[in-house]
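Heads up: the structure comes next, in C-alpha cells.
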Amino acid sequence: MTYLDYNSTTPVDTRVLAEMLPYFTEHFGNASSHTHAFGWYANGAIDKARDQVAHFIGAETSEIIFTSGSTESINMALKGTFEAYHTKGNHIITCKTEHKAVLDTCAYLEEKGATITYLDVDREGRIDVDEINNSFTEKTILVCVMAANNETGVLQDIEKIAQITHQNEALFMSDTTQLAGKLPIDVNEMGIDICCLSAHKLYGPKGAGALYVRRKNPRVNLIPLFHGGKHEFGKRSGTLNAAGIVGLGKACEIAAQEFWDTNMYISKLRGFIEHQLLEIPELLINGSTRYRLYNTSNLYFPPLKDGSTVFSHIKTKYAVSLGSACTSANAEPSHVLIAMGLSKEESENCIRFSFGKQNTMEEIQILVTLILSFYNLK
Ligand code: PLP
C-alpha cells in the first residue's frame with residue numbers, strides 16, 4: 001500500500017530514530033534529577049533540543065515549552081490565555097476552518113464564559129482580512145488563525161493578520177502544526193506571539209511537541225494546565241519525555257536543512273497528479289491554488305452514475321484521507337470543506353492526498369492511471 005497521508009502523520013526519519021534510541025536505554029535519566037550524571041545527561045539533551053526548536057522558528061530558548069503535541073499546546077494556549085487575561089476581556093477571534101483542537105477548545109471556553117467569533121472563509125478557504133478588522137471589540141484578548149490548513153493546505157496571510165491583531169492590542173496565536181517542516185517559520189518576522197509544533201508531522205515521533213510563547217514585545221502570560229513540579233518554566237509540569245524531545249529537536253534540525261530540496265521534489269509530484277487529473281470533467285481542486293502548501297491536494301471527484309466513487313476504487317492500494325484523518329473518530333462531513341461552500345454530498349466525494357519525501361513519481365503515475373481508468377479516460 002502506498003502512503004499518501006503525510007498531513008495525518010509521517011514516518012520517523014531514521015536519523016531521528018538513531019538520535020532518540022539511547023534515551024530509552026543507557027541515557028534513561030530524568031532530566032530534572034539534578035544530583036547525578038544520569039539527570040545531567042538527559043538535561044543536556046533537552047537543552048540541545050530546545051536550541052534546535054528555537055532556532056527552527058527564530059525564537060529564544062526560554063520561549064519553548066515542550067508538550068505532548070499540538071492538541072496539548074493549543075489547549076494550553078487557549079485555556080491559559082483565557083484565564084490569564086480574564087480581567088482584560090473574554091473575546092477570542094478564530095476561524096471556521098481551524099483544526100478541531102482549536103474549535104473544540106473554543107467551544108469549551110464558550111461554556112466557561114468566553115465569546116468567540118468564528119470568521120468565515122471564501123471558496124478558496126481564505127479569510128477576508130477586513131472581516132477580522134471589523135471583529136475586534138474592547139474585550140478581544142486573542143486572535144487564533146492557523147498558518148496552513150491540514151485538509152486543504154490553504155495558507156492564510158499570517159503577517160497581515162498578526163499586524164491587524166497587534167494594532168488592536170490583542171495577542172496573535174497561530175496553529176503552525178502543518179506549516180512546520182514544509183515552509184520556514186520566523187515568529188518575529190511573522191508577528192506570532194504563540195504557536196505550536198508537533199514532531200510527528202515532520203518525521204519525528206508521536207507524543208512530542210512544543211508551544212512557543214513570546215517573552216517580550218509583548219510578554220505573553222499563560223496560566224498552566226498542569227501543576228506539580230514546575231517543569232518547563234513552571235508552565236507545564238511533568239517529567240520530560242526526553243527521547244521524544246530529542247526526536248523533535250533532530251526533526252526540526254533536519255527539516256531546516258532540507259526543506260527547500262524536499263519542497264521542490266514534492267511539489268513536482270503534486271503538480272504532476274493535479275495536471276493529469278484535471279482531464280476529468282468536473283474535477284475540482286479545493287482551496288486556493290496560489291496560497292497552498294506544496295504537498296497537499298484536496299480534490300473533488302464526481303461520482304459515477306451508479307454511485308461508485310474514486311475512493312472505493314483506490315482505497316486498497318493507496319492510503320489517503322476523506323476529510324481530516326485527525327478527526328476521523330466522527331463521521332461528520334469535513335467542516336473545512338463545508339465552510340468553503342461545498343455541499344455535504346460534494347464534501348463526501350473529496351479526497352485529500354498529502355505527499356511526503358518518501359513518495360516516488362512512479363507511485364503517483366500508477367495512481368493517476370488507476371483514477372483515469374475509473375473514468376474510462378485511459
Ligand atoms: N493542528 C493541526 C493543523 C493538525 O493538523 C493537527 C494534527 O492532528 C493538530 C493540530 C493536532 O496535533 P497533534 O496530533 O500533535 O495533537
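No value in this document is a laboratory result; all are computed from the given coordinates. The shown structure was predicted, so the numbers you read here are calculated from the model rather than taken from an experiment. Cβ atoms come from the backbone with ideal geometry, glycine included; neighbour counts cover every protein chain shown.
A few comments on the model shown:
- Diffusion coefficient (Stokes-Einstein, Kirkwood radius over C-alpha pairs, 10 °C, 1.306 mPa s) for segment 133-292: 89 µm²/s, rounded to a whole number.
- For segment 14-253: Kirkwood Rh in Å [reciprocal of mean 1/r, alpha carbons]: 18.1
- Residue range of the chain that is longest and free of GluC sites (Glu not before Pro) which are both DSSP loop and sparsely packed (at most 10 other C-beta within 10 Å): 139-281
- Compared with the dominant Cα axis of the chain, that is its longest principal axis, helix 100-111 is turned about 60°.
- Reported to the nearest whole Å, the Cα centre-to-centre distance from segment 214-289 to segment 44-84 is 12.
- Our estimate of slack between Asp104 and Gln365, defined as 0.36 nm per intervening residue step minus the Cα-Cα distance, is 90.1 nm.
- The chain, helix-only ellipticity at 222 nm - DSSP H runs n ≥ 4, -39,500 (n - 2.57), divided by all residues, nearest 500: -11500 deg cm²/dmol
- Phi to ³J(HN,Hα) by Karplus 6.51 cos²θ - 1.76 cosθ + 1.60 over segment 71-79, Hz, x for Gly, Pro: 4, 5, 4, 5, 4, 5, 5, 6, 5
- Label positions at Glu131 and Glu60, each projected 7 Å from the Cα along the C-beta direction, are separated by 3.7 nm.
- Per DSSP, loop chymotrypsin sites (Phe, Trp or Tyr not before Pro) in segment 19-123 with at most 16 further Cβ within 10 Å: Phe24, Phe28
- Summarising the label geometry, the points placed 7 Å from Cα in the beta-carbon direction at Leu183 and Gln167 lie 2.1 nm from one another.
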